[in-house]
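Trainee: Structure provided below as structure tokens; questions to follow.
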Amino acid sequence: MATDHIRYDVLARDALRGVLRRVLIDAAEHGLPGEHHFFITFVSTADGVKLSPRLLAQYPEEMTVILQHQFWDLVVTEDRFEVGLSFNGIPERLVVPFNAIKSFYDPSVQFGLQFETETAVETPAAGATSAATAASALAAPPAPPAPASEEEPQKSGEGAEVVRLDRFRKK
């Protein structure tokens, strides 16, 4: 198999993280429109993630937060977002780099993205990857996991829109 020197998988992953970044920038500037809200799952021990020791002890591997009604001071930069949330009545400030995010889901429109973590994609087996690696990260929208914040989870339904790279391949 030929070596992918261009790294299409990394380009596709970064482009889709750009979608997430743009959505969060809009939410920070204008609030959430209509019924939109977001489930964001991330690796809690990834480089650059900042959680209180209490939250890290409670979520030692991964954590899902919901951005809906009760969040504040959402700040989005090129490589991360920061947000204030309340956990059991205790306000917390979270810092989450985009490369730590495993999934993003907006149940109001059944739209979801799943990501390989940065280390899983950057260190491919045998030194070569294909577009299938990036596509497998998007095979199905994430089911909304148990939320870490106090808000009620929304049920996911069938027919969620999934961004698939197959759509753009020549047959």
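Trainee: Could you list, in sequence order, all residues of the stretch 15-31 that are over 12 Å from residue 67 (Cβ atoms) and in contact (Cβ under 8 Å) with a residue 60 or more places away in the chain?
Mentor: Residues satisfying the conditions are 16, 17, 19, 21.
Trainee: Suppose we keep only residues that are acidic (Asp, Glu) and in a strand (DSSP E or B) within the stretch 63-88. Which one would you say is most open to solvent (accessible area, probe 1.4 Å)?
Mentor: 73
Trainee: Step by step: first the residues of the stretch 30-58, then only those that are assigned to a helix (DSSP H, G or I) and closer than 19 Å to residue 97 by Cα, then the one that is most open to solvent (accessible area, probe 1.4 Å). Which residue is that?
Mentor: The selected residue is 53.
The values are calculated or read from the model by the stated rules, or taken from the named source; none is laboratory data. Since the structure is predicted, the reported quantities are computational estimates derived from the model, not experimental observations. Cβ sites come from the backbone with ideal geometry, for glycine too, and all protein chains shown count toward neighbours. For accessibility, only protein heavy atoms count, side chains too; no ligands or nucleic acids. Shrake-Rupley method; radii C 1.70, N 1.55, O 1.52, S 1.80 Å.
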